[in-house]
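**Student:** First, the structure itself, so that you have it in front of you.
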Amino acid sequence: MNKYTDVDLYTMVREKQDKQALELLYDRYERMLYSFIYRMTNSSDLAEEVIQEVFMKLWKGNRNYDSEKGKFSSWVFTIARNTAIDVLRKQKREPLLEEEQLNYFTEISSSIEEQVEWKEEKGQVHEAIATLSDGQKQMIDFVYFKGFTQQKIAELCDIPIGTVKGRVRLALKHLRSQLLRTKGREE
């Protein structure tokens, strides 16, 4: 079961209530989430509580992961961050020291800046993809958004693998030039 991606495991958890899949996700993320949450809360008890809440939310399946919005790991960390903030609010903990507050808000604001930059770049990529021919769009979609191998694409489209490679290469060349033009207009 270790061969499954995080998204596969989450789908198994949501659709089949698969306990083994949840355990694997837990094993993959528990340490990283603990470190991340501990830095926010400065409490091992709260970090453990937040991790439990996060995995309960994943188990209940009331969260929808959308691969177009980002990586699965980023989504899980966002759930953890929001859960930690909720737990801290419930605890009505004593105020953080001034320096800790400054560090916390600096981290949050740079995170927000990164998210904004990511959304802008994502928008530019989607605009650049829109300029491609239908065949090139299809190749980019298959390779980068659906994760198909070139062999699988060749079989799906009933074309030689060399044609697939050529179309992907041409599509990437067009995307690159379009993105460079877009970047040149911004500067």
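The values are calculated or read from the model by the stated rules, or taken from the named source; none is laboratory data. Keep in mind that what you see is a predicted model, and the values were worked out from it rather than measured. Cβ coordinates were reconstructed from backbone atoms using ideal geometry, including for glycine residues, and neighbour counts include every protein chain displayed.
**Student:** If you scan segment 1-21, which residues turn out to be surrounded by fewer than 18 Cβ atoms within 10 Å (Cβ to Cβ) and assigned to a helix (DSSP H, G or I)?
**Tutor:** Those that are surrounded by fewer than 18 Cβ atoms within 10 Å (Cβ to Cβ) and assigned to a helix (DSSP H, G or I): 7, 8, 11, 15, 16, 19, 20.
**Student:** Separate question: Counting only residues that are over 16 Å from residue 170 (Cα atoms) and part of a helix (DSSP H, G or I), how many does segment 126-153 have?
**Tutor:** Qualifying residue count, segment 126-153: 5.
**Student:** Moving to a separate point now. If you scan segment 14-68, which residues turn out to be among the small types (Gly, Ala, Ser) and more than 20 Å from the chain's Cα centre (by Cα)?
**Tutor:** 43, 44, 47 - these are the residues of segment 14-68 that are among the small types (Gly, Ala, Ser) and more than 20 Å from the chain's Cα centre (by Cα).
**Student:** Criterion first (farther than 18 Å from residue 83 by Cα and assigned to a helix (DSSP H, G or I)) does residue 24 satisfy it?
**Tutor:** Yes.
**Student:** Out of all the residues in segment 27-51, which are among the acidic types (Asp, Glu) and either at pLDDT below 90 or in contact with a helix residue (DSSP H, G or I) (Cβ under 8 Å, 6 or more places away or on another chain) (or both)?
**Tutor:** 30, 45, 48, 49
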